[in-house]
Amino acid sequence: MTYRAALDGTSYAFTDLKRLLACASPARSGDQLAGLSAADDVERVAARYALADVPLTDFLENPLVPYETDDVTRLIVDTHDRAAFTPVAHMTVGAFRDWLLGYDADGPTLAALAPGLTPEMVAAVSKLMRNQDLITVARKVEVKTAFRNTQGLRGRLGSRLQPNHPTDDVRGIAVSMLDGLLMGVGDAVIGINPASDSLPDIKVLLDMVDGVRERYDMPVQSCVLTHVTNTIRLMERGAPVDLVFQSIAGSQAANTGFGVTLDILREADDAARSLARGTVGDNALYFETGQGAALSANAHHGVDQQTMEARAYAVARAFRPLLVNTVVGFIGPEYLYDGKQVIRAGLEDHFCAKLLGVPMGCDVCYTNHTMADQDDMDDLMMLLTVAGVNFLIAVPGSDDVMLGYQSLSYHDILTLRSTFDRPPAPEFEAWLRRQDMLTAEGRMRVSAPQQLGRVLGPTGGLVA
């Protein structure tokens, strides 16, 4: 089917939905390098005119990636809830945008609608939205999950404490972890990216973090972000695994490049839930995504990178994870060139995931060869907080010394909590109060290091 629009006396034709969606996307380097983007801003506007008139049902009738050869497409089609879709089934993409921005599209209504939406639908409507529109709609949606504490509650902001170390030195990781806890960071997860895939080394890290948690009765969950198959093997060996991690993407071929299948994810989910380590819930998976992942694996099927990213959220949704986050600027300027593109992508990812019912967080980050800086990250972290993001990632001093990229700092989380009145998960907040680390107003005490030090002992008690 060809989609058309006339603009200022010029007729534009787009050969299929793939082409239309790609041309309607905001400019970004990944689509340009792949030869998918609009030729210029005029064609981009024409594509948006045409996209606004596309019925939402077209996305059900015309899969962008073939059903027969792609298990992500089959997952999207086979799990689509026609009854949930009914309230918007008569709408075009443009009408859907207008409805989303209206008062009738409130939180409970959008939550009920989520199973009836496909990733392609939400990606399409995002392309017609300004940044403020993405924020306005996303902030309506509350996606709650739980393990040892409750994430995603309205008016709260979770944080991942990321104490990475270039050699997996357990003492170095412990010190970074203590640093984050002193600032009230880590309720979403204490998550370590290991430098090694050695199972014994990973178990040492799991044992250390879990030992601290148990000793001080902290209502937090931990994760070592190794490959899902490694974590399955560790669970079989009795390691103290809370959350199972895996990077995912929006096509079967891209996930194959990550060494993962939907069946492997099901196996991991079943294994993690069977351990029953959660105390207030059983959401036991943690997924990371990022625009450009499918394109970098040449597994994008000619689909623009933002739509492929939204398809990854369909994979995430199927497994009811505790946490999902886009590592928004990590893949590099080949996909998101500068701060403007990174900010837009972060808001798009959050919006699309929340509409699909996914508990979305973000690693507000960039690599050092991207045309971005920490001021851009300040802008994005504040915009996402206003938009109701579930959690953000923080590392010591904003500089991940193992992965070699720039993220947020523990101090940034304190800034957001204070500026926007966003406390952590209620169970973690209660723990901080028990340690006398919060003031009556909910702010971290200046003396918090001494308060926690009194609890943990003179050496922190983090390692033997």
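The values are calculated or read from the model by the stated rules, or taken from the named source; none is laboratory data. Just so it is clear, the model here is predicted, and its values are computed rather than measured. Note that we place each Cβ from the backbone using ideal geometry, even for glycine, and neighbour counts take in every protein chain shown. Ligands, DNA and RNA are stripped out before the accessible areas are found, and what is left, the full protein with its side chains, is counted by its heavy atoms. Shrake-Rupley method; radii C 1.70, N 1.55, O 1.52, S 1.80 Å.
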(request) Select the helices (runs of 4 or more DSSP H) contained entirely in region 402-459, then report the ones holding at least 2 residues which are surrounded by fewer than 19 Cβ atoms within 10 Å (Cβ to Cβ) and modelled with pLDDT under 95. (result) 448-456
(request) Could you tell me which numbered condition residue 233 fails, if it satisfies all but one of (1) surrounded by fewer than 24 Cβ atoms within 10 Å (Cβ to Cβ); (2) assigned to a loop (DSSP other than H, G, I, E, B); (3) among the charged types (D, E, K, R)? (result) (2)
(request) Please indicate, with yes or no, whether at least one residue in region 165-174 is surrounded by fewer than 19 Cβ atoms within 10 Å (Cβ to Cβ), under 30 Å from residue 383 (Cα atoms) and either at pLDDT below 95 or small (Gly, Ala, Ser) (or both). (result) no
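Only residues that are without any contact (Cβ under 8 Å) to a residue 60 or more places away in the chain and assigned to a helix (DSSP H, G or I): list them for region 1-46, please. Write out each step before concluding.
Here is the first cut: in region 1-46, the ones without any contact (Cβ under 8 Å) to a residue 60 or more places away in the chain are 2-16, 19-20, 23, 32, 35, 38-46.
The answer is 19, 20, 23, 32, 41, 42, 43, 44, 45, 46.
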(message) more than 21 Å from residue 355 (Cα to Cα), of a type in the set (Asp, Glu) and either touching an Asp or Glu at 6+ places or on another chain (Cβ under 8 Å) or not in a loop (DSSP other than H, G, I, E, B) (or both): is that true of residue 267 in this structure?
(response) yes
(message) Between 3, 49, which is modelled with pLDDT of 95 or more and open to solvent by 30 Å² or more (accessible area, probe 1.4 Å)?
(response) 49
(request) Please tell me if residue 185 is open to solvent by less than 40 Å² (accessible area, probe 1.4 Å), at pLDDT 95 or above and under 28 Å from residue 385 (Cα atoms). (result) yes
(request) Please enumerate the residues belonging to region 140-157 that are buried (at least 19 other Cβ atoms within 10 Å of the Cβ) and charged (D, E, K, R). (result) 140, 148, 156
(message) Among (1) without any contact (Cβ under 8 Å) to a residue 60 or more places away in the chain; (2) within 20 Å of residue 309 (Cα to Cα), there is one condition residue 250 misses while meeting the rest; what is its number?
(response) (1)
(message) Looking at (1) open to solvent by less than 10 Å² (accessible area, probe 1.4 Å); (2) under 27 Å from residue 424 (Cβ atoms); (3) in contact with a Lys or Arg (Cβ under 8 Å, 6 or more places away or on another chain), which one does residue 212 not meet, given that it meets all the others?
(response) (3)
(request) Please state which one of 292, 259, 302 is in contact with a Gly (Cβ under 6 Å, 6 or more places away or on another chain) and at positive phi. (result) 292
(request) Sort through 272, 253, 249, 299 and tell me the only one that's assigned to a helix (DSSP H, G or I), at pLDDT 95 or above and open to solvent by less than 10 Å² (accessible area, probe 1.4 Å). (result) 272
(message) For region 62-131, give me every one of the helices (runs of 4 or more DSSP H) that falls completely inside it and has 3 or more residues that are open to solvent by less than 10 Å² (accessible area, probe 1.4 Å).
(response) 93-100, 119-126
(message) Looking at 332, 357 in this structure, which one is closer than 29 Å to residue 112 by Cβ and part of a loop (DSSP other than H, G, I, E, B)?
(response) 357
(request) For residues that are in a helix (DSSP H, G or I) and within 25 Å of residue 187 (Cα to Cα), scanning just region 215-230, find the one that is least open to solvent (accessible area, probe 1.4 Å). (result) 228
